[in-house]
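Some notes on the structure that comes next.
Rule-based calculations on the coordinates, nothing more; no lab input. This one's a predicted model, so the numbers in the text were calculated from it and none came from an experiment. Heads up, the Cβs are rebuilt from the backbone with ideal geometry, glycines too, and the neighbour counts pull from every protein chain shown.
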Amino acid sequence: MERIVYFSCMQRNSILLYGANGYTGELIARYASQYGLQPILAGRKKTAIEALAKELGLPFRIVGLDDSAGLQAALEDISLVIQAAGPYHITAQPMIDACIATKTHYIDLNGDLDVFELLQGYDKQAKAKDIMILPGAGFDVVPTDCLALFLKQQLPDADHLTIAFAVIGSALSRGTSISTLHKLGTPGVTRKNGRITYEPMGKNGMSVTFPGHKHPVFVMSIPWGDISTAYFSTGIPNIATYTAVNKSAWYFLKAQSVFNWLLKTSFMRGIIMGIFKMQSAGPDQTVRDKAVSYVRGKVTNAKGATVEASMETPEAYSLTALSVLIISKKIINGDYKPGYQTPASAYGPDLIMEIPGVKREIIHK
């Protein structure tokens, strides 16, 4: 098997961008020069990786995640891996194993609760190797994680956290849609008294007003990554997360238990996968420039005191590319905490404020 297609003698401060041919991976590759970074593009599809590398004037390497020896060889001179290839419940573990073996920092774009929990299990190994494992370095979960810690600092004895977000004017990429497909038929999740608790998907719904957006937005409860990451960052024992959804879709999902068995069949998933593969790779530049993301959070303590705050950010995929590169540059410059980290635990609640166009405010009632 051809493992390394392109090799350049580099100091061990190099970045390997794995999954560079994917929608978000390509965005990261295209924005990298704005941050003075020149990642090595990597993945298993030679034609796509090589074409993008030649266009951007970047080196590249071809290796599959199922080739553990080849993967470790590809990382021997690498300081940091940006894992942009999903779905992460399949791709995270082989890459993190290679990173542990080669003492390579790891960040990814994951938003899967189970993957966050999995990667926490590598904390001791990462500390022993003096490397950082930081999943969720994009829209999943940088804005929400930073807002959660910001709110915790305003009300240190908070014991309940609610986070809601909405992306207005954009759409899911093909890769995100396919990752979502793998979760069809699975339950929702909340955190109660410090424990992850399963519940029906979309069990709760409500209307939320996001400052900066003129109309109330309907949101439903979902198993967003903050059920794991916000608990790690803040220690708040009760956490619920919500996202914007069409209300009709919410009613449909509330009946999901009736047809869960169908959603889990290979036949139905094959049909849905075919539909997803026909959609565009993701929103184009014009859509991303016009779209806006909103986040609103609330913390409450045992006495009933509350603090609420909101955030307005660039479109989700644009934000992901920028936040990944900001975090990458910090790591390359030696600014990291060994072990498992979240964006806010590693860099504080103001990490999100380093992204151009982000606005944050406390909501006064």
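Okay, here's what the table says:
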item: About the Cα centre, charge dipole magnitude for the range 279-345 (Lys/Arg +1, Asp/Glu -1 at Cβ), debye; result: 280
item: Other-chain or far-sequence residues with amide H under 5 Å of residue 14's (modelled H); result: 79, 80
item: FRET efficiency, 1/(1 + (r/R0)^6) with R0 45 Å, evaluated for residue 359 and residue 54 via beta carbons; result: 0.70
item: Distance in nm between pseudo-label sites at residue 127 and residue 67 (7 Å out along the Cβ direction from Cα); result: 3.6
item: Inter-label distance for residue 329 and residue 159, nm, one decimal - labels placed 7 Å from Cα along Cα-to-Cβ; result: 4.3
item: Modelled FRET efficiency - R0 35 Å, residue 193 with residue 337, Cβ distances, 0.05 increments; result: 0.80
item: Within the range 39-113: Cβ-based charge dipole about Cα centre, in debye rounded to nearest 20 (Lys, Arg +1; Asp, Glu -1); result: 180
item: R0 of 30 Å, Cβ-Cβ distance residue 89-residue 246: FRET efficiency to nearest 0.05; result: 0.70
item: Cα-based reach from residue 337 at 25 Å (exclusive), listing lysines while leaving out same-chain residues under 8 positions away; result: 103, 124, 127, 129, 152, 329
item: Alpha-carbon centroid distance for the pair the range 279-319 / the range 48-110, whole angstrom; result: 29
item: Residue-by-residue Karplus 3J(HN,Hα) for the range 130-138, coefficients 6.51, -1.76, 1.60, Hz, glycine and proline x; result: 6, 10, 10, 10, 9, x, x, 8, x
item: 19 Å Cα-Cα reach of residue 54 towards lysines, excluding residues that sit fewer than 8 places from it in its own chain; result: 45, 46
item: Derived scalar couplings ³J(HN,Hα) [the range 67-76; Karplus, 6.51 cos²θ - 1.76 cosθ + 1.60; whole Hz; x for Gly, Pro]; result: 10, 5, 5, x, 5, 5, 4, 5, 9, 4
item: Per-residue ³J(HN,Hα) for the range 294-307, Karplus 6.51 cos²θ - 1.76 cosθ + 1.60, θ = phi - 60°, Hz, x for Gly and Pro; result: 10, 9, 9, x, 9, 10, 9, 10, 5, 7, x, 5, 9, 9
item: Leading residue at positive end of dipole, the range 1-133 (Cβ point charges), from 122, 93, 73; result: 73
